[in-house]
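Working notes, structure below.
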Amino acid sequence: MGFWTSYRLRIQRRRWLVRALRKRRELRAVSDRSNKIKSDDLLLFSTLRNEHVRLPYFLNYYREQGINHFLIVDNDSNDGALEYLAEQPDVSVWHSKHSYKKSRFGVDWLNWLQFRYGHDHWCLVVDPDEFLIYPFCDTRPLRALTDWLDASSIKSFSAMLLDMYPKGRLDEQPYRAGQNPMEIASWFDAGNYTMEKNAKFGNLWIQGGPRSRVFFPHEPEKAPALNKIPLVKWNRRYAYVSSTHMVLPRGLNQVYDEWGGEKASGILLHAKFLDTFSIKAAEELQRKQHYAASIEYLAYAQSLSENPELWCKWSEKYINWRQLEILGLMSKGNWA
């Protein structure tokens, strides 16, 4: 990377940080328990709207993995999510009525919270429908992973987003609060993924899976990105650029080996496609607060009205992380 490219990225990173500092005025603390955060705590950051039904399992899942404190922005929920979060002893929650789109889809808000509270902590940034799977997660807590990353001088950890879906119609099995969503959405696409390197930021750009296959079959380049860097040993000089797809400084995006080896990586099981999805998609299509004039949600609405089913004869049923490693979707690298 040349001097001028490096300089421009440094200026861009500073611009995102200044923007995040400005956007902090859009957040109102509802229940700020950040004074309970200890120096070595693992922190989780998230932005959500109307996800009350998902929150009991989401919080318990990550508590069991070892998250010590949750820092969440509620974007004007009206389903009781804000009130529920405010009651949780390990959650700090902020409320905002401002535009999700104009906050760069929540990135500005979370960049500020990570700047303020995440410095020198391992920080996990996920949505309420994303569940991190990493090597040995069935026997080792998240801190075992972060301790190994620290010992290996690795500051960022990647996880591909793996869309999960049920066999049959999306609205066939109702989801209950507190239920493991993978009991319903237990299937995934094992193949049909494409990958290329982003020349500017150095991250991998991954697309494919059922959203490409079903919703963008003729324009796969418009399918959502599946590459994520959700776990970072945060520093207040860092900034996410676009969701958790890429981060600055650029070196944090080097989560892969270009010389034929393998670096440890994980998977985010993405339980978007439950019976609640059609209502959620209709709401977000009307709000128009998502990327590219909500083209993704327009594709969802059009395709699901014709056939509300993602399962096909090539679908694989999820078993465990070792299955995903065998399929080449994640790697334990040299972590043994």
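The values are calculated or read from the model by the stated rules, or taken from the named source; none is laboratory data. Note that the structure is a prediction, hence the values are computed from the model and not measured. Positions of Cβ are generated from backbone atoms using ideal geometry, with glycine treated the same way; all protein chains shown enter the neighbour counts. Please note that ligands, DNA and RNA were not included when accessible areas were found on the heavy atoms of the full protein model with its side chains. Shrake-Rupley method; radii C 1.70, N 1.55, O 1.52, S 1.80 Å.
At most 11 other Cβ atoms within 10 Å plus a DSSP loop assignment makes a site exposed; report the longest stretch of the chain without any exposed GluC sites (Glu not before Pro). Longest run free of exposed loop sites: 88-257. Just the protein heavy atoms count here, and of the accessible area of the chain at 1.4 Å, carbon and sulfur take up 50 percent.
Using C-alpha pairs under 8 Å with a sequence gap of at least 6, the mean separation divided by the residue count of segment 215-262 gives a relative contact order of 25 percent. A 1.4 Å probe run over the protein chains yields, for the chain, 46 Å² of accessible area per residue, whole-number rounding. Converting the Cα gyration tensor eigenvalues of segment 99-240 into ellipsoid dimensions via √(5λ) gives semi-axes, longest first, of 28, 21, 17 Å. Think of it as helices only: each DSSP H run of n ≥ 4 in the chain is worth -39500 (n - 2.57), and spread over all residues that comes to -8500 deg cm²/dmol at 222 nm.
Shape of segment 194-320 from its Cα gyration tensor (a ≥ b ≥ c, root eigenvalues): rounded if a/c is under 1.5, otherwise prolate when a/b > b/c, or oblate? It comes out prolate by the Cα gyration axes.
Normalised by the number of residues in the chain, the average gap of Cα pairs under 8 Å and 6 or more apart makes the relative contact order 22 percent. Translational diffusion coefficient of the chain (Stokes-Einstein, Kirkwood radius from Cα pairs, 37 °C, 0.692 mPa s): 161 µm²/s. Counting only residues at least eight positions apart within a chain, or on another chain, the aspartates and glutamates with an alpha carbon under 13 Å from that of Lys23 are Asp108. Pairs from the list Lys102/Lys280; Lys97/Lys228; Lys155/Lys263; Lys101/Lys228; Lys200/Lys332 with a Cα-Cα gap above 22 Å: Lys97/Lys228; Lys200/Lys332. In the chain the longest region clear of chymotrypsin sites (Phe, Trp or Tyr not before Pro) that are loop-assigned by DSSP and have at most 12 other C-beta atoms within 10 Å covers 1-258.
Kirkwood hydrodynamic radius of segment 1-157, from the reciprocal of the average inverse Cα-Cα distance over all distinct pairs: 16.7 Å.
Would you kindly calculate the translational diffusion coefficient of segment 179-259, applying Stokes-Einstein with the Kirkwood radius from alpha carbon pairs, for 25 °C and a viscosity of 0.890 mPa s, and quote it in µm² s⁻¹ without decimals? In µm²/s, the coefficient rounds to 169. So what is the relative contact order of segment 208-288, in percent, for Cα pairs below 8 Å that sit 6 or more residues apart? Worked out over segment 208-288, it gives 14 percent.
P(r) tail for segment 1-61: Cα pairs beyond 12 Å make up 82% of the total.
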